[in-house]
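Colleague: Handing you this structure, nothing more for now.
Since every read-out is calculated from the coordinates, none of them should be taken as a lab result. A quick note: this is a predicted structure, and the numbers were derived from the prediction, not measured. Here Cβ is always computed from backbone atoms with ideal geometry, including for glycine, and neighbour counts include all displayed protein chains.
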């Protein structure tokens, strides 16, 4: 299992390749939620999301161990992050994306130097192909969340939050496969166990909620949530035990709550976030996470969104 030393080591490895993202405060948001809210702005991170932290840690380690080629299976933030870091290190990268991949995300991957290969429509199609490409070319497959180096890299978010907000009471984190929250849990609960950490999922993609409820990994059918970065079918084999051990709770938000949070953040704070980041704001605005007398950190996990699709992410 990943530990605090792994996360501190990852921080040293990726220093200089990532931003230490700022904490933003909105008086209007605080008034609307009737809470003290501090936004950890990973949407302002390089490549537009927290994913660069784990990808950087994993790709650096792979390169040090002799890898001269990497692959990933992702049409979104992870694929962009792997392509970016591989380009910085001078390593070729192939990102396997679905046949119907978003044009903006594909363009971003290519802009970062990644080569695109289209394969099928599901992760069940993409992942085996990415792994086979790595094997055929003596390379390394970089998974999106269920890997110690990825988790350790994402855990650096937790270290930064504790340094920027030493008196924080609660941290609210979006949950997909669990890489981000398991890294934050490991860092924060080791250093300051009294800080409560609440995960948030869309109702339309509640695999981690169901898994924690049953005490075992539970898969769900494909999600249709607008929070496309959280559409995993089940938590990871490595991430789930960390959640079971440390998490203080997980809440669910509706599609309308996500849309309202998106609109509020864009209109009132002038920050462009993606729906996967809006779920954490939605949990606080709806009163499902945190109490009025607490200082609440909310992780804005990313800001990569196709502007042509933005209208579909806002209340009708």
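Colleague: For the chain, with a Gaussian network of springs between Cα atoms less than 10 Å apart, report the residue from 186, 232, 218 with the top mean-square fluctuation.
Modeller: 218
Colleague: Still on this structure, please answer the following. Relative to the longest principal Cα axis of the chain, at what angle does helix 77-89 sit, 0 to 90 degrees, rounded to 10?
Modeller: Helix 77-89 sits roughly 50 degrees off the main axis of the chain.
Colleague: Give me the percent relative contact order of the chain, please, defined on Cα pairs under 8 angstrom at least 6 residues apart.
Modeller: Computed value for the chain: 21 percent relative contact order.
Colleague: With the Cα gyration tensor of segment 51-141 in hand, give its eigenvalues times 5 under a square root as the equivalent ellipsoid semi-axes, listed largest first in whole angstrom.
Modeller: With the √(5λ) rule applied to segment 51-141, the semi-axes are 19, 15, 10 Å.
Colleague: Still on this structure: Give the angle, between 0 and 90 degrees and rounded to the nearest 10, that separates the Cα long axis of helix 51-64 from the longest principal axis of the Cα atoms of the chain.
Modeller: The two axes meet at around 30 degrees.
Colleague: Which residue, 166, 144, 92, has the most motion in a Gaussian network model of the chain that connects Cα atoms within less than 10 Å?
Modeller: 166
Colleague: Something else: From zero outward in steps of 10 Å, how is the percent of C-alpha pairs of segment 1-121 spread across the bins?
Modeller: P(r) for segment 1-121, in whole percents per bin: 13, 36, 29, 17, 5, 0.
Colleague: How long are the three semi-axes of the equivalent ellipsoid of the chain, in whole Å, if each is the root of 5 times an eigenvalue of the C-alpha gyration tensor, listed from largest down?
Modeller: 29, 21, 19
Colleague: Further question: Among 118, 112, rank each residue by its count of other Cβ atoms within 10 Å, from fewest to most, as a rough exposure measure. Before the final figure, lay out the partial values.
Modeller: Numbers: 118 16, 112 21.
So the residues, fewest neighbours to most, are 118, 112.
Colleague: At 7 Å along Cα-to-Cβ for each site, give me the label-to-label distance between residue 163 and residue 256 in nm.
Modeller: It works out to 4.3 nm between the two label points.
Colleague: Between residue 68 and residue 271, what FRET efficiency comes out of the Förster formula 1/(1 + (r/R0)^6) with R0 = 45 Å and r the beta carbon distance, rounded to 0.05? Could the numbers behind the result be given before it?
Modeller: Working: r = 39 Å, r/R0 = 0.86.
The pair residue 271/residue 68 has a calculated efficiency of 0.70.
Colleague: Comparing 89, 39, 212, which has the greatest mean-square fluctuation in the GNM of the chain with Cα pairs linked when under 10 Å apart?
Modeller: Looking only at 89, 39, 212, the biggest GNM fluctuation is shown by 89.
Colleague: Rank these for me by crowding, 129, 35, 64, 53, going from fewest to most other beta carbons within 10 Å. Please report the intermediate quantities before stating the final value.
Modeller: Working: 129 17, 35 21, 64 10, 53 31.
The order, fewest Cβ neighbours first, is 64, 129, 35, 53.
Colleague: Another question, then. Which values of log₁₀ I(q)/I(0), to two decimal places, follow from the Debye formula for segment 177-316 at q = 0.16 Å⁻¹ with a uniform point scatterer at every Cα?
Modeller: Debye curve over Cα of segment 177-316, log10 I(q)/I(0) at q = 0.16 Å⁻¹: -0.83.
Colleague: A further question on this structure: Cut-off is 10 Å between beta-carbons; in what order do 50, 121, 264 appear when sorted fewest neighbours first? Mind dumping the intermediate values first?
Modeller: Numbers: 50 31, 121 12, 264 20.
Least crowded to most crowded, the residues run 121, 264, 50.
Colleague: Using only Cα atoms, tell me the angle between helix 255-264 and the longest principal axis of the chain; keep it within 0 to 90° and round to the nearest 10.
Modeller: Result, in degrees: 80.
Colleague: State, to one decimal in nm, how far the label point of residue 194 lies from the label point of residue 263, with both points 7 Å from Cα in the Cβ direction.
Modeller: If labels sit at residue 194 and residue 263, their model points lie 4.0 nm apart.
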